[in-house]
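A.B. asks: Here it is, the structure, as structure tokens.
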Amino acid sequence: MKTIESNTNKIHFTTSAYQHVNTHIKESNPSNIFIIVDENTHKLCLPHLLSEIETTSTIEIIEIESGEINKTIETCVGVWNVLSELGADRKSLVINLGGGVITDLGGFVASTFKRGITFINVPTTLLSMVDASVGGKTGVDLGTLKNQIGVINTPEMVIIDTTYLKTLAQNEMRSGLAEMLKHGLIQDKAYWDKFKDLSVLNSEHLDELIYESVLIKKHVVDIDPRENGLRKTLNYGHTIGHAIESYFLSNTHKTNLLHGEAIAIGMILASYISTKLTGLSEAENTEIKDLILSIYDFVTINEEDYEPIMELLKYDKKNSHGNINFVLLSAIGETKIDCLVPNDLIIEALNFYNDSY
């Protein structure tokens, strides 16, 4: 069994990690336990979790609807009301069982209910294991604008049990892979290189890659927990990627993109921009584009989509003083933060993406 200790909490790996949950429950003696799920994790993941938990405390299940569209303050109000109706107090424990929507929203609910109660995250998707599980970011969307409302508050612990990945569709696995690719691009070229031939990777390799990905993010977050410097690098591909994700979410004529699918596009665009502003070589730009497009389906972004996507950029939560700030690469594994990018170069990058099809 592996454990990663961050500055504020511990991340435990493999099924034996549940012993840490049971130890915490025994020592803290919560008044009651609330497990937040969606309809998918309720059916596919909850039985496994319940089989691992040992407690005499009352366990209540709170189910919310799945999907980014339900990651809203209205959903939080519903959960807060249920917690109140079921007698939750400051000694209650919340366990968030699900993907990034559940861990983000559930963490926010727990962090604000009665000014904060203890919560544990049990991520069930690849994306939530390598991204949402580390760093303490909680929150919800404001309409279709991503993660506008929230707080930074770390869970008591995180349990990463890759057994849950067996429940995922292939596109959900690919969505999580985008964040792992990002970790290589911003921090570790050797880690990036491990993804060049996915055909040779088996489940054991995947477990190790997940562990390494969490280590990379933990390293960044421990140095800069409040996102004043180094942690900004985790936003690589996200500035334009979030705008694309929000646009597709709000446009009834578009098919919604999973987070990782939008971020994959964002990383291609950011890499192209990096060749123009921060010295990324053409060879590495091509390498990034080709690897990402070998994993993700091409998404049609029409010229009439450009303006509304550009408009959404101004809502990115990393912006300051009216400036839109990008994270760019000088080389694979080397980043530059707070880069100002002119609009015409963003459009040029969108054209580059479209021309790659």
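The values are calculated or read from the model by the stated rules, or taken from the named source; none is laboratory data. These figures come from a predicted structure and were not determined experimentally. FYI the Cβ positions are ideal-geometry reconstructions off the backbone, even for glycines, and counts take in every protein chain you see. Accessible surface is based on the protein model in full, side chains and every heavy atom, while ligands, DNA and RNA are left aside. Shrake-Rupley method; radii C 1.70, N 1.55, O 1.52, S 1.80 Å.
A.B. asks: Return an integer: the convex hull volume of the alpha-carbon atoms of segment 255-357, in Å³ per residue.
C.D. replies: Dividing the Cα hull volume of segment 255-357 by its residues yields 108 Å³.
A.B. asks: What share of the DSSP beta bridges in segment 1-121 is antiparallel, in percent to the nearest 5?
C.D. replies: Percentage antiparallel, nearest 5: 15.
A.B. asks: While we're on this one: Please report, as a whole percent, how much of the solvent-accessible surface of the chain comes from carbon and sulfur atoms (probe radius 1.4 Å).
C.D. replies: With neighbouring chains kept in place, the figure for the chain is 48 percent.
A.B. asks: To test your reading of the geometry: what angle, between 0 and 90 degrees and rounded to tens, separates the Cα axis of helix 100-112 from the longest principal axis of the chain?
C.D. replies: 60 degrees
A.B. asks: Same structure, new question: Pop out the Kirkwood hydrodynamic radius of segment 199-289 from its pairwise C-alpha distances, inverse of mean 1/r, in Å to one decimal.
C.D. replies: For segment 199-289, the Kirkwood estimate is 15.3 Å.
A.B. asks: As I understand it, the value is the acute angle between the Cα axis of helix 282-295 and the longest principal axis of the Cα atoms of the chain; what does it come to in degrees, rounded to 10?
C.D. replies: 50 degrees
A.B. asks: Would you check the accessible area of Lys254, probe 1.4 Å, heavy atoms only, in square angstrom rounded to 10?
C.D. replies: Looks like 40 Å² after rounding.
A.B. asks: Taking the chain as a Gaussian network, where each spring joins two C-alpha atoms under 10 Å apart, which residue of Thr167, Thr72, Thr138 fluctuates the most?
C.D. replies: Of Thr167, Thr72, Thr138, the Gaussian network model singles out Thr167 as fluctuating most.
A.B. asks: If every alpha-carbon in segment 67-188 counts as one equal scatterer, what log10 I(q)/I(0) does Debye give at q = 0.22 1/Å?
C.D. replies: -1.29
A.B. asks: Give me log10 I(q)/I(0) at q = 0.15, 0.16 Å⁻¹ for segment 154-239, Debye formula, one equal scatterer per alpha-carbon, no solvent.
C.D. replies: Taken in order of the listed q values, log10 I(q)/I(0) reads -0.63, -0.71.
A.B. asks: Viscosity 1.002 mPa s, temperature 20 °C: what is the translational diffusion coefficient of segment 5-87 from Stokes-Einstein with a Kirkwood Rh over Cα pairs, rounded to a whole number of µm²/s?
C.D. replies: Translational D for this selection: 146 µm²/s.
A.B. asks: Multiplying the sequence separation of Lys276 and Ser199 by 0.36 nm and subtracting their Cα-Cα distance, what value in nm do you get?
C.D. replies: Contour length minus Cα-Cα distance gives 24.4 nm.
A.B. asks: Can I ask one more? Find the centroid of the Cα atoms in segment 204-249 and in segment 78-103, then give the distance between the two in whole Å.
C.D. replies: Taking the Cα centre of each part, segment 204-249 and segment 78-103 sit 26 Å apart.
A.B. asks: Report the label-to-label distance for Ile347 and Glu334 in nanometres (one decimal), using points 7 Å from each Cα along the Cα→Cβ vector.
C.D. replies: Reported label-point gap for Ile347 and Glu334 is 3.2 nm.
A.B. asks: Excluding residues on the same chain fewer than 8 positions from Lys114, give the lysines whose Cα lies under 17 Å from its Cα.
C.D. replies: Cross-link targets: Lys91.
A.B. asks: Taking every alpha carbon pair in segment 139-288, what does the distance histogram look like in 5 angstrom bins from 0, in percent?
C.D. replies: P(r) over segment 139-288, rounded to whole percents: 2, 8, 14, 20, 22, 18, 11, 5, 0.
A.B. asks: Binning at 10 Å from 0, report for the chain what percent of all alpha-carbon pair distances ends up in each bin.
C.D. replies: For the chain, the binned pair fractions read 5, 26, 34, 24, 9, 2, 0 percent.
A.B. asks: Now for a different question. Just to confirm, what accessible area per residue do you get for the chain at 1.4 Å probe, in whole Å²?
C.D. replies: Using a 1.4 Å probe on heavy atoms only, each residue of the chain averages 42 Å².
A.B. asks: Which percentage, to the nearest 5, of the DSSP beta bridges contained in the chain is antiparallel?
C.D. replies: Given both bridge residues lie in the chain, the antiparallel proportion sits at roughly 35 percent.
A.B. asks: Relative to the longest principal axis of the C-alpha atoms of the chain, give the angle of the C-alpha long axis of helix 303-312, reported between 0 and 90° and rounded to the nearest 10°.
C.D. replies: In the chain, helix 303-312 runs at an angle near 50 degrees to the longest axis.
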